1. Report every pair of residues separated by at least 6 positions or lying on different chains whose Cβ atoms are under 7 Å apart, first residue within segment 280-304 and under 22 Å from Ser371 (Cα atoms), second of a type in the set (A, V, I, L, M, F, W, C) and part of a helix (DSSP H, G or I).
2. Could you give every pair whose Cβ atoms fall below 8 Å, whose first residue belongs to segment 122-148 and is in contact (Cβ under 8 Å) with a residue 40 or more places away in the chain, and whose second residue is among the hydroxyl-bearing types (Ser, Thr, Tyr), counting only separations of at least 6 or pairs across chains?
3. If we scan segment 355-364, do we find a residue that is of a type in the set (A, V, I, L, M, F, W, C) and not in a helix (DSSP H, G or I)?
4. Right, Glu227: modelled with pLDDT under 90 and in a loop (DSSP other than H, G, I, E, B) or not?
5. Condition first: part of a loop (DSSP other than H, G, I, E, B), closer than 24 Å to Thr348 by Cα and among the β-branched types (Val, Ile, Thr). Can you find one or more residues in segment 275-295 that meet it?
6. Here is a check on your reading of the model: is Arg337 in the same structural domain as Ala235 (by TED's automatic domain parsing) and either closer than 19 Å to Thr236 by Cα or surrounded by 15 or more Cβ atoms within 10 Å (Cβ to Cβ) (or both)?
7. Here's a check for you: in segment 25-49, which residue that is among the polar types (S, T, N, Q) and outside any loop (DSSP other than H, G, I, E, B) is surrounded by the fewest Cβ atoms within 10 Å (Cβ to Cβ)?
8. Across segment 313-334, what is the number of residues that are more than 24 Å from Asp217 (Cβ to Cβ) and crowded, with 16+ Cβ neighbours inside 10 Å?
Amino acid sequence: MQTKSSHRERVKPGIWRRHGADGRPRYEITYRDSDGAQRREVVEGGIRAAEAALGDRKARMGRGERVAPNHRLTFGEAAARWMDAQGPNLRPATRAAYESSLQIHLLPAWGNLRLDRIDVAIVASLVERMQTAEYRQEILDRSARRRAERTGRKVKAPKATTGYRPWTIRGVLTPAGRAFDFARRRLSWAGSNPVRELERNERPTHDPRERRILTRDELARLIASAEPPYREIIATAASLGTRLGETLGLTWADVDLGARVVHVRAQIDRHGQRVPLKTKRSRRVIEAPDALVSLLRGHRAASAHKSPESLVFASRTGGPLEHRNVAQRGLARAVKRAKLDASKRPPTFHELRHAHASAWIASGGDLVELSARLGHRDPAITASVYSHEFEAAARSDSRRARLDAIYAVSVAPPTSSADENEAPSSRATGPDRVVDLRERRDRVA
């Protein structure tokens, strides 16, 4: 005799219902996989979830995808297979960031867990833990122990006062989600990606700090206070809107002083390597102002490295300059000498790019052209990043003048008794005057 907990009944084709010991229903789906084998899966949720899961399996096989569930696949195995397959196609910095997220956060938490066991609740739990100082202290202590084992010396971990920032947590979720997607597409795993199932309020939100926008006077003082070659580097970034890596990656073959244009073709990464740009849209040609052209002419005349393949901003040996040196020895010292407003935080190098964009917008420059100058892949990105600047530029004198012309009569204060007694011939005759139609009709009569 079967007990209530073992009773299994067919609800509709391919969907079965079983009541557990607690009396709650559990749903299963059955189908033949890509190998022709009969498969049975337990689906969390109600009948709608079961219908969606069964429809998903059939749709994927209909598209030619291989569906043969691998229930024993662990997150560690899936992540390793994904990195082996996709790693060579990633930019070095991106691959390093993914590997760091896996080694520090994801593999210690989920490495030995089967993918089927990792649901959205487990992902949300990791997100919540990463926002605590206790979790961050665990990571710092683990890193200190590994360093001590490697060096044979005692290493003390710094004290964590806050959890990880939202952008760091979002950076960890990216490789996690891609590992799940890869397992679905390539490793015969039939589950759903729990990272994609996170609600908006379960994802960390990033509140970007307010940008430090340099005025024209501040920028002039900053450039004048910098020492060569940092003066030319700062001037180039501010005049063209180029990123630090793009600025350091310029060669003399990229700079056409006669045509007054600069070709952005490559960049110097943080490891000192000249590497391709991040996107095709980043490869661009930018018109240079005359002042920058004159500055670069003088810089080339004084440089020991003038061949077309030489870097425009090179070290004494002709090699690339380091990002950190430009930021600390170049920009930071120039900021101190320029004596900028001490009530505001010092500008970063990337904010030279913001200064260029803000100046362009304030002068009435076109959005699409600015997007091309900055190398954004879509003008919508430019509009999103600089929405505040575009709105501020729209609040211009000409716009106020138009509004005054439209609403001057409608919202004008009532006329005084002296005005009412004034002769009609002496009243205003401009566009702001309200015409008395009865007066005009009497004149015609």
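1. Arg284/Ala372; Ile286/Leu240; Ala288/Leu240; Leu292/Ala235
2. Met130/Tyr164; Met130/Thr168; Gln131/Tyr164
3. Checked against the condition, which is being of a type in the set (A, V, I, L, M, F, W, C) and not in a helix (DSSP H, G or I), segment 355-364 yields no hits at all.
4. no
5. Yes, segment 275-295 contains at least one residue that is part of a loop (DSSP other than H, G, I, E, B), closer than 24 Å to Thr348 by Cα and among the β-branched types (Val, Ile, Thr).
6. Numbers: in the same structural domain as Ala235 (by TED's automatic domain parsing): yes; either closer than 19 Å to Thr236 by Cα or surrounded by 15 or more Cβ atoms within 10 Å (Cβ to Cβ) (or both): no.
No: the conditions fail for Arg337.
7. The qualifying residue surrounded by the fewest Cβ atoms within 10 Å (Cβ to Cβ) is Gln38.
8. Matching residues across segment 313-334 total 6.
The values are calculated or read from the model by the stated rules, or taken from the named source; none is laboratory data. None of the values given here were measured: they were computed from a predicted structure. Methodologically, a virtual Cβ is constructed for each residue, glycine included, from the backbone with ideal geometry; neighbour enumeration extends over all protein chains shown.
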